[in-house]
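Here's the structure, in structure tokens; my notes come after.
The values are calculated or read from the model by the stated rules, or taken from the named source; none is laboratory data. A quick note: this is a predicted structure, and the numbers were derived from the prediction, not measured. Backbone-built Cβ (ideal geometry, glycine too); neighbour counts: all protein chains shown.
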Amino acid sequence: MAIELPGPREKLQKYVQRMSGRSRDEFVSEVKVPLLVQMTEPDAASKPESGAPRFGTMSMNKENLVFAEAGLYVFPLKKQATNAFGMMVTVGRAANNDIVLPYEGISKFHAYFSNLGGSWVLVDAKSTNGTFIEARRLAPDTKEKLDLTRPVTEVSFSSAINCRLYMPEAFYDLMSQLVQVTKKKGE
């Protein structure tokens with residue numbers, strides 16, 4: 001059975017559930033691109049509240065709690081049919097980007113990834129709030145080579161959206177850990 005890459009803006013929990021049961025070799029041989037996992041969203045508490053305070057009860061099952069700690073969404077570094085820029089995987093707030101991060105602090109066209117002969121680079125597209133690798137702000141329009149020997153790389157778009165870029169092997173290991181933790185919590 002062929003491995004399907006995550007859809008645009010697919011929840012990490014849903015993708016892991018779809019892929020559980022696949023072998024590591026099968027997953028790694030078919031997923032040939034890094035996977036970007038969005039870890040945070042802008043703080044909803046910082047948005048202005050309207051009117052009276054709201055009260056309510058929040059409930060969350062243990063599986064949702066585990067996945068909330070591991071990441072929100074997963075994006076393959078892969079072109080989408082809606083994007084005309086053939087040589088790059090674009091990131092931004094606008095709907096025509098390959099990776100859509102629909103938040104105020106993200107520029108319409110914020111940054112892009114590009115695969116240059118087997119080497120991946122990340123470029124800040126002159127965004128207002130910056131692009132960061134391992135907490136270091138990238139210079140605009142400068143190709144920053146990603147270290148593919150690292151299984152996981154911290155990437156941020158503005159200071160509000162923190163992500164982790166996983167090589168397929170490391171992503172499979174993350175999926176396995178999440179499946180094991182959710183099984184243990186369910187016992």
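Screening ALA84 on (1) under 18 Å from the mean Cα position of the chain (by Cα); (2) among the hydrophobic types (A, V, I, L, M, F, W, C); (3) at pLDDT 50 or above shows it passes everything except condition (1).
If you filter segment 13-34 down to residues that are in a helix (DSSP H, G or I) and polar (S, T, N, Q), you find that the one that is farthest from SER114 (Cα to Cα) is GLN17.
When restricted to residues that are in contact with a strand residue (DSSP E or B) (Cβ under 6 Å, 6 or more places away or on another chain) and at pLDDT 90 or above, segment 14-38 contains 6.
Considering PHE132, PHE171, the condition of being in a helix (DSSP H, G or I) and at negative phi is satisfied by PHE171 alone.
Would you check which residues across segment 135-152 are part of a strand (DSSP E or B), at pLDDT 95 or above and touching a strand residue (DSSP E or B) at 6+ places or on another chain (Cβ under 7 Å) and list them? Let's see the steps before the verdict.
Just the residues of segment 135-152 that are part of a strand (DSSP E or B), to begin with: 136-137, 140, 144-145, 152.
Pick out the ones that are also at pLDDT 95 or above and you get 136-137, 140, 144-145.
Within segment 135-152, PRO140, GLU144, LYS145 meet the criteria.
Scanning segment 84-127 for residues that are in a loop (DSSP other than H, G, I, E, B), out of contact with any Gly (no Cβ under 9 Å at 6 or more places or on another chain) and among the polar types (S, T, N, Q) yields ASN96, ASN97. Pairs linking a residue in segment 24-45 that is polar (S, T, N, Q) to a residue that is modelled with pLDDT under 90, with Cβ atoms under 6 Å and 6 or more positions apart or on different chains, are GLN38/LEU72.
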